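The values are calculated or read from the model by the stated rules, or taken from the named source; none is laboratory data. A quick note: this is a predicted structure, and the numbers were derived from the prediction, not measured. Cβ sites come from the backbone with ideal geometry, for glycine too, and all protein chains shown count toward neighbours.
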Amino acid sequence: MVIDTRIRDWVLFPLLISMLMVAVLRFYLTKYFSYSKKAEKPSKSAMKERMNKNVVALCEKLVAGNSLLPESSFKMRRSFLCKKGTGFIPKMIDAVKANASANALPGGMPAMNPTAIIDMLKNNVVMLVSSMGMFGWVSWLFSGFILAKVPFPLTQKFKVMLQRGVEILGLDPQYVSSTSLYFLVLFGQSGLINLFLSSGEDDEDLAKMDDMQAMGQMNPAMSMGMMPGQGGPDPTKILDTERENIELIRHKFVVGEYEDKLIAKWNRSL
């Protein structure tokens, strides 16, 4: 089976080109909104979150490179970070717990940050509106066409996923409809956009948010479960884990051994 040249020219190519153009436009609009938000003064919650991340990064570097520090320097850093009662990490854990208890709701549920919710919704508006508009346009204009064929055999269970909008019982599951091709391209285009247009971790985060919006189109219940402010990693557990990792280190200064070996080698040569 060979795709008709008219379907290729008037359905396949316009569908792919329009999806690519919308993805690029959505990428730069979201990037613009995120940069305008960064220009504003950060809130106290954002500063505390950044501080927690910096402390976690410091602990990870200390665990990874502890053998390059002399024993006195390592013990000083471990005491500063982990000493019970006066260490920096225990103080941060106590501060986070006190802040969480002060902001908790009467039922014991943690309070959601309204500023974070509003910022997240602002970032999602562009992707949500463009995705819904694009899906409606594709369903109205390109529905009912067969555009591709999978090069390997598939079972009948794949018909629901690969043949949306084409209700033909005897059609081989290898054929892909226009609506299903739209979702397949939607899931894969964020990686392509990230490969050619991204310039750092922030752009990668935008691509991940794009993937979440694509998943939300396939399963609306999943998109409802991704509302901001509902859960997340517990900073107290992360900090406590890093504290335990530092305390369990069996420190050994490897650089000193090489100095002794080098001095011994010079003595033998003399």
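Of all residues in segment 96-110, those that are exposed (fewer than 15 other Cβ atoms within 10 Å of the Cβ) and either at pLDDT 70 or above or among the polar types (S, T, N, Q) (or both) total 6. Residues of segment 229-270 that are of a type in the set (Asp, Glu) and modelled with pLDDT of 85 or more: ASP240, GLU242, GLU244, GLU247. Listed by first and then second residue, the pairs with beta-carbon distance under 6 Å, at least 6 apart or on different chains, first residue in segment 1-27 and aliphatic (A, V, I, L, M), second not in a helix (DSSP H, G or I), are ILE7/PHE145; VAL11/PHE142; VAL11/PHE145; LEU12/LEU147; LEU15/PHE142. Of all residues in segment 145-173, those satisfying the criterion of being surrounded by 14 or more Cβ atoms within 10 Å (Cβ to Cβ), assigned to a loop (DSSP other than H, G, I, E, B) and of a type outside the set (A, V, I, L, M) are PHE145, GLN163, ARG164, GLY165, ASP172, PRO173. Just checking, does segment 31-39 include any residue being closer than 30 Å to LEU141 by Cα and modelled with pLDDT of 70 or more? Yes, because at least one residue in segment 31-39 is closer than 30 Å to LEU141 by Cα and modelled with pLDDT of 70 or more. Among the residues of segment 192-205, at least one is at pLDDT 75 or above, closer than 27 Å to ILE3 by Cα and surrounded by fewer than 14 Cβ atoms within 10 Å (Cβ to Cβ).
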